[in-house]
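What follows is one structure encoded as structure tokens, with my remarks underneath.
The values are calculated or read from the model by the stated rules, or taken from the named source; none is laboratory data. Just so it is clear, the model here is predicted, and its values are computed rather than measured. Quick reminder, even Gly has a Cβ in these numbers, built from the backbone with ideal geometry, and neighbours come from all protein chains shown.
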Amino acid sequence: MIRLIRYNGLIHKKSVSVVEDVVRKGFTVVYKKAKATNKPAKNTVRRPFKAGARRSLYKLKRFMKANHYRTDLCKATLRRASAILRSQRPIKAKKPKAAAAKTE
């Protein structure tokens, strides 16, 4: 699936990627500007989302819809952002199971 032309970000004018934030507080969206196609140094933009999980996912959804990204790319981007946010949650300590009571 990665090798398909449909998902290749190098050849399309617009592409979007979600990466984990450097300090592990939210995620960063990296996208290409369609107007700077022939200027590789200037065509990528990094936009951080750090305002909490629900608000960040909502803002990402609005961003994708406002810039007319394809629906399948929008859903894949939201799933990746959600997985990154889920991985940043603290791990809950499990309580040890109580030993079974002996019956005599």
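Output the qualifying pairs, or none if there are none: Cβ atoms under 9 angstrom, residues six or more apart or on different chains, first residue in region 26-45 and in contact (Cβ under 8 Å) with a residue 12 or more places away in the chain and surrounded by 11 or more Cβ atoms within 10 Å (Cβ to Cβ), second residue part of a loop (DSSP other than H, G, I, E, B) and aromatic (Phe, Trp, Tyr).
TYR31/TYR69
Please go through region 14-47 and give me each residue that is farther than 15 Å from THR77 by Cβ and in contact with a strand residue (DSSP E or B) (Cβ under 7 Å, 6 or more places away or on another chain), ordered by number.
Selection gives ASP21, LYS33, ASN43, THR44.
Anything in region 76-95 that is touching a strand residue (DSSP E or B) at 6+ places or on another chain (Cβ under 8 Å) and either among the basic types (Lys, Arg) or part of a loop (DSSP other than H, G, I, E, B) (or both)? List them, or say none.
ARG80, GLN88
Residue pairs, Cβ under 7 Å, 6 or more apart or interchain, first in region 68-86 and at pLDDT 90 or above, second surrounded by 14 or more Cβ atoms within 10 Å (Cβ to Cβ) and β-branched (Val, Ile, Thr). List them.
Taking only residues 6 or more apart or on different chains, the pairs are THR77/VAL16; THR77/VAL18; ARG80/VAL18; ALA81/VAL18; ILE84/VAL18.
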